[in-house]
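Notes for the one structure printed next.
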Protein chains: 2
Amino acid sequence: MSKATNTKVETVRYYERIGLLPKPPRTAGNYRDYGEAELGRLSFIRRARDLGFSLDQVRALLGLSDDRSCDCAGIDHIANEHLREVDRKIADLKALRRELKAVIDSCDGGIVADCRIIEALAP
Amino acid sequence: MSKATNTKVETVRYYERIGLLPKPPRTAGNYRDYGEAELGRLSFIRRARDLGFSLDQVRALLGLSDDRSCDCAGIDHIANEHLREVDRKIADLKALRRELKAVIDSCDGGIVADCRIIEALAP
DNA sequence: TCTAGGGTCTGTAGTAGCTACAGGGTCAAG
DNA sequence: CTTGACCCTGTAGCTACTACAGACCCTAGA
């Protein structure tokens, strides 16, 4: 299952420990014995993680997706909140990038004593 | 000093513990007794952190900035590497945002069983 | 002089999300 | 029957802090 989902074995066990994956039955040799359901669940987790959802959000999504007859407003809500978070991060990084670029561009070589980067960082 | 640099007291002590700040002399009552030099150093650290440099990068910058007669290519290198990192992060987040948006847009309400978000996350 | 309130001190443990061992057990192939 | 590749548990490490507990100190007011 680890290979099928491109997940490290330790990560799978970690997900089990924090309750994202159920404790599976064991083989005679005490190996975890996963079926299709767990594979699907892990794939879901991985895909959501790839989209940047936090483990708490993934947990919520899994909970909501279990009740197939509920309406999907809750799911929509989590996804949109995450989208806003991502937008915020992009904006923050762009602002940071601008500032960093300005600091870097101000330096035109020479010795440290004259370095504008150091100067820009100093108080 | 904590107030002057808008840094939590615990963070200052943390920087001392990991060797970013020197162990300062103590007052009679065992309080840390900081001077101007430490204030400058902490300001430098905070500013660099605000620009997204890692603590390791900050450590390197501090080390390089100590030798005022060296040329500032090393500093330039660290800063530019960080800039590239930031650019990479922005690109990654934008790609993620696109994908996330597509997933969200595909859903037009209804019950969970028909939810395209869940469907898009499932294997 | 006492006391209340703010600060500080050390040390430890917690956060997110894994990752990396150590030291053992299991299993299939040769 | 051994070798090598997997699995098992449990614990500690990573980043960059943050949050206590339980002690101590210092100053201002009654």
Using modelled backbone amide H atoms (1.01 Å from N, in-plane), which distant-in-sequence or interchain residues come within less than 5 Å of B:Asp71's amide H? A:Val112
Using Cβ contacts closer than 10 Å as the measure, can you line up B:Glu81, A:Glu85 from fewest to most? B:Glu81, A:Glu85
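Calculated FRET efficiency, B:Arg59 and B:Arg84, Cβ-Cβ r, R0 22 Å, to nearest 0.05?
Taking R0 as 22 Å, the efficiency between B:Arg59 and B:Arg84 is 0.70.
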When the helix-only estimate is applied to the protein assembly as shown (DSSP H runs of n ≥ 4, each -39,500 (n - 2.57), divided by the residue count), what is the mean residue ellipticity at 222 nm, nearest 500 deg cm²/dmol? -20000 deg cm²/dmol
Ascending list, in nanometres, of distances separating the B:Asn80 label from those of the other copies (7 Å, Cα toward Cβ): 4.5
Any chymotrypsin sites (Phe, Trp or Tyr not before Pro) in the stretch B:30-114 that lie in a DSSP loop and have at most 11 other Cβ atoms within 10 Å would be B:Tyr31
Of the listed peptides A:67-75, B:110-118, what is their order by residue-averaged count of other C-beta atoms within 10 Å, with the highest listed first? B:110-118, A:67-75
Residues B:Leu100, B:Leu55, sorted so that the one with the fewest Cβ neighbours within 10 Å comes first: B:Leu55, B:Leu100
Dividing the alpha-carbon radius of gyration of the protein assembly as shown by 2.2 N^0.38 Å, where N counts its residues, gives 1.38
Virtual spin-label span in nm between A:Ala28 and A:Lys8, 7 Å along Cα→Cβ: 3.3
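Where nothing but the Cβ of Lys and Arg (+1) and of Asp and Glu (-1) is charged, how large is the charge dipole of chain A around its Cα centre, in debye to the nearest 20?
I would put it at about 480 debye.
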On a 0 to 90 degree scale, rounded to 10, what angle separates helix A:73-105 from the longest Cα axis of chain A? 20
Once the dipole of the stretch A:1-70 is set up with Lys and Arg at +1 and Asp and Glu at -1 on Cβ about the Cα centre, which of A:Gly29, A:Ser54, A:Ser43 lies farthest towards its positive end? A:Gly29
Quick check: Cα centre of the stretch A:69-123 to Cα centre of the stretch B:44-123, how many Å? 7
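Throughout, read-outs are computed from the coordinates displayed, never taken from laboratory work. Treat the numbers as computed from the prediction; the structure is a model and nothing was measured. Please note: Cβ atoms are built from the backbone with ideal geometry, for glycine as well, and neighbour counts cover all protein chains shown.
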